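**Student:** Shown below is the structure under consideration.
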Amino acid sequence: MKNTPRTNSSVGGSRRTLLRAAVAGGALASGGLVWAGTPASASPGPATARRRPRPGTPAQALRELAAGNRRWRTFRQQHPHENSAVREELITGQEPFAVVLGCIDSRVPPELVFDQGLGDLMTVRSAGEVLDEAVLGSVAYGVLELDIPLVMVLGHQSCGAVTAAVHAEETGEELPAHIQYIADRIRPAIDHSQEGAARVDSTITRNVQMVTRLLAQEPDLAARIAAGKLEVVGARYELSSQLVHTVA
């Protein structure tokens, strides 16, 4: 993916300061993780309860997502951070702990899949998790301006965008309107060693890996990864089990 031109550090620092001030003052404001068995977070408590402390490291953020997904798939959702106290608190600013780049599929809303609430996640969604400059800029905003320590690329079982991309390549059929753009971006991930449904399923994982790699190679994100301040991970959501698991 072609890199976006960068500003120098002094200009970037000033820009970040202004952007943070605007966010605070406005009324609008790698496969090693074991998901099963991660202890769930504390209960949300009374209606006056404030938000839990924000996970500050990549490892802490991953643990929080794992705990939330465990609650989701075992039907023990807490629906945290929805009460009036939290809503009032969030008027003056936000401190999400993870960026989730996911598909537009209506069956995979990140806040539900990870049992998170207002102010917890910054979600960016495009068909097949496809990257373009707007998507990349949105991810970069969360990392560089809000100091978010974790970016997760979340693919999912039975992805329609991947299925369409595989079908278009196999048949030579031109997809309608702007959908061909999506298919063209997914095409490099197509697994030609598989056939039929296995090809689609493998390509879903390979597409996640490709997008994760592209994000991690972006210079500004790579610098934070090298400093231990950021982790970019790929994951899949299985519709059949509601399990999220990382993919290397």
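The values are calculated or read from the model by the stated rules, or taken from the named source; none is laboratory data. Just so it is clear, the model here is predicted, and its values are computed rather than measured. Cβ atoms come from the backbone with ideal geometry, glycine included; neighbour counts cover every protein chain shown. Calculation scope for accessible area: heavy atoms of the full protein, side chains included, ligands and nucleic acids excluded. Shrake-Rupley method; radii C 1.70, N 1.55, O 1.52, S 1.80 Å.
**Student:** Select from the stretch 117-139 the residues that are assigned to a loop (DSSP other than H, G, I, E, B) and more than 13 Å from the chain's Cα centre (by Cα) and write down the one among them that is nearest to Ile186 (Cα to Cα).
**Tutor:** Filtering the stretch 117-139 for residues that are assigned to a loop (DSSP other than H, G, I, E, B) and more than 13 Å from the chain's Cα centre (by Cα), the one nearest to Ile186 (Cα to Cα) comes out as Asp132.
**Student:** Of the residues Ala161, Ala183, Ala235, which is under 15 Å from Leu101 (Cα atoms), buried (at least 17 other Cβ atoms within 10 Å of the Cβ) and over 16 Å from the mean Cα position of the chain (by Cα)?
**Tutor:** After applying the criteria, what remains is Ala161.
**Student:** Can you list residue pairs whose Cβ atoms sit under 6 Å apart, with the first residue in the stretch 107-136 being farther than 21 Å from Glu95 by Cβ and the second being polar (S, T, N, Q) and surrounded by fewer than 20 Cβ atoms within 10 Å (Cβ to Cβ)? Count only pairs 6 or more apart in sequence or on different chains.
**Tutor:** Val135/Ser126
**Student:** Does the stretch 141-158 contain any residue that is in contact with a Leu (Cβ under 8 Å, 6 or more places away or on another chain), among the β-branched types (Val, Ile, Thr) and farther than 30 Å from Gly93 by Cα?
**Tutor:** The answer is no, given that none of the residues of the stretch 141-158 is in contact with a Leu (Cβ under 8 Å, 6 or more places away or on another chain), among the β-branched types (Val, Ile, Thr) and farther than 30 Å from Gly93 by Cα.
**Student:** Would you call Glu169 open to solvent by 50 Å² or more (accessible area, probe 1.4 Å) and touching a helix residue (DSSP H, G or I) at 6+ places or on another chain (Cβ under 7 Å)?
**Tutor:** Judged against the criteria, Glu169 is a match.
**Student:** For the stretch 80-116, how many residues are open to solvent by 40 Å² or more (accessible area, probe 1.4 Å), in a loop (DSSP other than H, G, I, E, B) and not polar (S, T, N, Q)?
**Tutor:** Residues in the stretch 80-116 being open to solvent by 40 Å² or more (accessible area, probe 1.4 Å), in a loop (DSSP other than H, G, I, E, B) and not polar (S, T, N, Q): 4 in total.
**Student:** So, one more: In the stretch 192-223, which residues are more than 15 Å from the chain's Cα centre (by Cα) and open to solvent by 50 Å² or more (accessible area, probe 1.4 Å)?
**Tutor:** Result: His192, Ser193, Gln194, Glu195, Ala197, Asp201, Arg206, Gln217, Pro219, Asp220, Ala223.
**Student:** Quick one: in the stretch 238-248, of everything that is over 15 Å from Leu215 (Cβ atoms) and in contact with a helix residue (DSSP H, G or I) (Cβ under 7 Å, 6 or more places away or on another chain), which residue is surrounded by the fewest Cβ atoms within 10 Å (Cβ to Cβ)?
**Tutor:** In this case the residue turns out to be Ser241.
**Student:** Pairs only if they're at least six apart or on different chains, beta carbon under 7 angstrom, first in the stretch 62-79 and open to solvent by less than 10 Å² (accessible area, probe 1.4 Å), second charged (D, E, K, R); list them, first residue then second.
**Tutor:** Gly68/Asp115; Arg71/Asp115
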